[in-house]
Amino acid sequence: MTGILTSAQMRSTEAAAIACGKCSGADLMERAGQGAAQAIRDAFPVKHRHAVILCGPGNNGGDGFVVARHLAQAGWRVEVLSLPGAGQSGDAARMADLWDGPREDLARAAAEAGARPDVVIDALFGTGLGRPLDPLLADVQAAVRARAGEGACARVALDCPSGLSADTGEVVGGEDAPVLPADLTLSFHSPKPGHYLSRGPEICGALTVVPIGLPPEDVPPLEAPPTGPITRLVAPASPPRWLGARVAPGNGDHKYTRGHVLVLGGKVAQGGAARMAARAALRVGAGLVTLAVPPAALIENAARLDAVMLARCADAAALTELLEDARLSALCLGPGLPPDARTRDLVLAALGAGRPTVLDAGALSAFADAPDALFAALHPRVVLTPHEGEFARLFPDLAEARREGSKIDAVRVAADRAGAVVLLKGAATVIAGPDGASSLHAGVYARAAPWLGTAGAGDVLSGLIAGLIAGRGAQDVHGQVEVAAWLHVETARRFGPGLIAEDLPDTLPQVLRDHGL
Ligand SMILES: NC(=O)C1=CN([C@@H]2O[C@H](COP(=O)(O)OP(=O)(O)OC[C@H]3O[C@@H](n4cnc5c(N)ncnc54)[C@H](OP(=O)(O)O)[C@@H]3O)[C@@H](O)[C@H]2O)[C@@H](O)CC1
Ligand SMILES: Nc1ncnc2c1ncn2[C@@H]1O[C@H](COP(=O)(O)OP(=O)(O)O)[C@@H](O)[C@H]1O
Ligand SMILES: [K+]
């Protein structure tokens, strides 16, 4: 899996590579600009080949001067419009010296009418953006695109669109602050969190990673960076190498070695969510799944279930009795459960059994008034799967801090506080463990799955996780949660338009077959 580096981790990776003499800062800037120029030529094999490059005062601007040189060498017409201070110090100064084409002051040139270029390249600010952007800069991008001429003018951002925080995916200065949206963002070395989180995908357009010859992202050079653990990207390798080992049963397996999931179901006429979770757990590979429901709901569920077994569970005492069967290897509570005192008692009884357990929906909201009572009972093989609203109920302070900060940081702190694995849902799904490890599954760009925004999709995800941690998967709960998030999106994409939650479990076998299982 690939690492996603924050601005600070990127700086320390670069500094470590330079410190050990592998390369200089100028080498990295040259590779970044050269790689970006090639990516632009690949993305826009256009006829007139005319670029306007907006260069800022730091190293992002330095990259812009390198791109200018390489595009000009490839026969492009290139105009550089630069901010005061651009190319005046450090490596950027050297790259500005090597650019011998036209260069004008950005503010002055923007007011002048030139020909509309094929591409306007944003090399104003990257990972060093420290405060909100001057609105003039967004106006300049718009003015260049509005010049008279033929065809559309595409927008390319180097490393990160100016105005977007590379760490959080928020616009620096707030939603209404200026930002330069792109059609294509070229990220150097590794993706950054801001490319995936919050408004990042919308503002980045499309994302391509340009290698600059640094060591692989998940092997920190020299020693571990002082900037905290690196977040893993749950990568859409095709077919993912790890899928078989994580999901497929071995030849010697039988139903009990594959695990027995107990799903707690809701009241009469509120059983659909738990039934979908149960079906997903069975489809993804649990050997047996039992749905335990209040006595009054037995008949309803008996009429709806076949391979999923049924048990009676009136209250927490009955659940404790059921759990005397040590073969019940994983639990799933929440889908279809109301956020009330009975649910709280069921959750505490379930956690007391110490088995791998998924808590979702009502099982989380039932503790809105007393999150600490929940946290005190959790253990590292529990997975909490809140959506944003449920997250805010359990971690109100972190939800508040998230308005400015990163979703990854919030989930990391939440997992540490809870002492459990936390998965915070959304197009960018963030997973963190109590050991400090974090990963991100991004259902965006080429893996967009907007059809997943449908009632019950989250219930199915709970079931997938429960099914994947019931057998051998219990040894790596965090890893199996990543697999569940990947399969959830992959299955939605496989089904496509018209998806409803019931379709997910029954489409799963096709996805597994598509990937060679
Ligand atoms: N790390 C690596 O491995 C590699 C990094 N590379 C490239 O370097 C980029 C990072 O470069 P960077 O650190 O120089 O930051 P950058 O984004 O150019 O901006 C800093 C400048 O902007 C200024 N400034 C900030 N905010 C401002 C505002 N709102 N309005 C106005 N000014 C503002 C700030 O000045 P100050 O805050 O001191 O006023 C400073 O002058 C990175 O994104 C990538 O493209 C590659 O070359 C290869 C390898
Ligand atoms: N646009 C989207 N792209 C990718 N995944 C999405 C999108 N919208 C929703 N999802 C996923 O769908 C699921 C919805 O879960 P949840 O909000 O708990 O719904 P429910 O309670 O109805 O089951 C989550 O896993 C979420 O990540
Ligand atoms: K930029």
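The values are calculated or read from the model by the stated rules, or taken from the named source; none is laboratory data. Since the model is a prediction, treat every value here as computed from it, not as a measurement. Quick reminder, even Gly has a Cβ in these numbers, built from the backbone with ideal geometry, and neighbours come from all protein chains shown.
Residues being hydrophobic (A, V, I, L, M, F, W, C) and either farther than 23 Å from Ser7 by Cα or not in a loop (DSSP other than H, G, I, E, B) (or both): count how many of those fall in the stretch 138-197. The total comes to 18. Taken over the stretch 49-73, the criterion of being of a type in the set (Val, Ile, Thr) and within 9 Å of ligand 1 (Cβ to nearest atom) is satisfied by Val66 alone. Within this structure, Gly126 passes the test of being touching an Asp or Glu at 6+ places or on another chain (Cβ under 6 Å), assigned to a loop (DSSP other than H, G, I, E, B), in contact (Cβ under 8 Å) with a residue 40 or more places away in the chain and not aromatic (Phe, Trp, Tyr).
Scanning the stretch 459-481 for residues that are assigned to a helix (DSSP H, G or I) and either among the β-branched types (Val, Ile, Thr) or surrounded by 24 or more Cβ atoms within 10 Å (Cβ to Cβ) (or both) yields a count of 14.
When restricted to residues that are more than 21 Å from Gly213 (Cα to Cα) and of a type outside the set (Gly, Ala, Ser), the stretch 26-83 contains 20.
Every test in (1) within 16 Å of ligand 2 (Cβ to nearest atom); (2) out of contact with any strand residue (DSSP E or B) (no Cβ under 7 Å at 6 or more places or on another chain) is passed by His195 save one, and that test is (2). Looking only at residues that are within 15 Å of ligand 3 (Cβ to nearest atom) and part of a loop (DSSP other than H, G, I, E, B) in the stretch 59-86, which one is surrounded by the fewest Cβ atoms within 10 Å (Cβ to Cβ)? The selected residue is Leu83.
To keep it simple, each residue is scored yes or no on (1) in contact with a strand residue (DSSP E or B) (Cβ under 6 Å, 6 or more places away or on another chain); (2) not in a strand (DSSP E or B).
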site: Arg258; (1), (2): no, yes
site: Val263; (1), (2): yes, no
site: Gly266; (1), (2): no, yes
site: Ala274; (1), (2): yes, yes
site: Ala281; (1), (2): yes, yes
site: Ala314; (1), (2): no, yes
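For the stretch 153-165, the criterion of being in the same structural domain as Glu14 (by TED's automatic domain parsing) and either away from ligand 3 (no atom under 15 Å from the Cβ) or surrounded by fewer than 17 Cβ atoms within 10 Å (Cβ to Cβ) (or both) is satisfied by at least one residue. In the condition set (1) closer than 17 Å to Thr231 by Cα; (2) β-branched (Val, Ile, Thr); (3) surrounded by 24 or more Cβ atoms within 10 Å (Cβ to Cβ), Val413 is compliant with all but (3).
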